[in-house]
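One structure below.
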Amino acid sequence: MLRCGQMIMSEAMSRLHLGRKWRWKVDCKDPAYWKIISMFQDQKGCLFSIHQIAMMGVTEGKEIGKWFGPNTVAQVLRKLAIYDEWSRLVVHVAMDNTVIVDDINLLCRRAKREVPCEQIESSSSSILRGSPPGVERKDSVVVDHSNWRPLVLFIPLRLGLQDINTVYIRSLKACLEMPQSLGIIGGSSNQAHFFIGYFGMWAVGAMPNHGQHGLSAGGWGAPPPHWTVLNAGGPKASLSSWDSNESPL
């Protein structure tokens, strides 16, 4: 599920800095692409690395090595996004199946944001102050931005008891058809899913549980898509969407 969260954030950054029409090439030298890649490398000092997500999960009551649900991943990404001054994304997690537009407008229209330094104690008694572990600490950060900051919206849902109830399939398809959709993450322990589209009753996406080779200086292309039935996996899911301006609201 941690990898699913990474894919959601990397897709949002790609749309922001590269655009929807951008396509990867073997000899890609786009500096924005490489900056995005560098933020997700499996190194402790990278903001959205697997290390940072796991360690920030401690603040959500998840010990390192424990399984993260879709809601937990969304909450962790919300906290980490505060420290990304390059993309200045607002990550909002809508709770209780409710999206409050006024709250989103308030978050995205802030001309300034201040990042306070808070003391966070992890289960291993290490102390983090104001920034994720391994990332340079600042006592207080005040950043001036434009009137609207891009939004990544997560809507955590429970769509059944043991599996996704088929009554929700039509609505899930409608969500995937939206141009703002970043995909749907969900599943259960060792069976996480990241859906980006569908064909009939089949969902297409990526399988984060399959091991991949580490990043080299040459980068990599997208692996072949994975197909599975739409109601596969556990009932917990999180819809995600992307808004670069306030017109969709």
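Below is a table of values for the structure above.
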quantity	calculated
Subset of region 43-72 [modelled with pLDDT under 90 and under 17 Å from the mean Cα position of the chain (by Cα)]	Trp67
Odd one out for Arg88 among (1) over 13 Å from the mean Cα position of the chain (by Cα); (2) at negative phi; (3) among the basic types (Lys, Arg)	(2)
Residue list for region 19-40, restricted to those being of a type outside the set (Lys, Arg) and modelled with pLDDT under 90	Trp24, Val26, Asp27, Cys28
Test: Thr72 is among the hydroxyl-bearing types (Ser, Thr, Tyr) and surrounded by fewer than 19 Cβ atoms within 10 Å (Cβ to Cβ)	no
Among the candidates Ser49, Ser38, residue that is surrounded by 21 or more Cβ atoms within 10 Å (Cβ to Cβ), more than 23 Å from Leu239 (Cβ to Cβ) and out of contact with any helix residue (DSSP H, G or I) (no Cβ under 6 Å at 6 or more places or on another chain)	Ser49
Every residue from region 19-35 that is within 24 Å of Leu239 (Cβ to Cβ) and crowded, with 16+ Cβ neighbours inside 10 Å	none
Residue count for region 169-179, restricted to those that are touching a residue at least 12 places away in the same chain (Cβ under 8 Å) and either outside any loop (DSSP other than H, G, I, E, B) or over 14 Å from Phe195 (Cα atoms) (or both)	5
Where a residue in region 22-46 is touching a residue at least 12 places away in the same chain (Cβ under 8 Å) and within 14 Å of Met7 (Cα to Cα) and its partner, wherever it lies, is in a helix (DSSP H, G or I) and of a type in the set (A, V, I, L, M, F, W, C), with Cβ under 7 Å and at least six apart	Ile36/Met13; Asp42/Ile50
Qualifying positions in region 196-208 - open to solvent by 20 Å² or more (accessible area, probe 1.4 Å) and on the phi < 0 side of the Ramachandran plot	Ile196, Tyr198, Phe199, Met201, Trp202, Val204, Ala206, Met207, Pro208
Residues of region 160-181 classified as open to solvent by 50 Å² or more (accessible area, probe 1.4 Å) and more than 27 Å from Ser10 (Cβ to Cβ), total	7
Selected residue (only one of Met13, Met7, Met1 is at pLDDT 95 or above and either open to solvent by 50 Å² or more (accessible area, probe 1.4 Å) or of a type outside the set (Gly, Ala, Ser) (or both))	Met13
Candidate set from region 55-69 (those that are touching a helix residue (DSSP H, G or I) at 6+ places or on another chain (Cβ under 8 Å) and open to solvent by less than 20 Å² (accessible area, probe 1.4 Å)); member that is farthest from Gly187 (Cα to Cα)	Met56
Residue check for Gln191: modelled with pLDDT of 75 or more and either surrounded by fewer than 17 Cβ atoms within 10 Å (Cβ to Cβ) or hydrophobic (A, V, I, L, M, F, W, C) (or both)	yes
Any chance Arg113 is of a type in the set (Lys, Arg) and either under 18 Å from the mean Cα position of the chain (by Cα) or modelled with pLDDT of 85 or more (or both)	no
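The values are calculated or read from the model by the stated rules, or taken from the named source; none is laboratory data. Just so you know, these numbers come straight off a predicted model, no measurement behind them. Neighbour counts run over all protein chains shown; Cβ positions are idealised from the backbone, glycine included. With ligands, DNA and RNA removed, areas are computed over all heavy atoms of the protein, side chains included. Shrake-Rupley method; radii C 1.70, N 1.55, O 1.52, S 1.80 Å.
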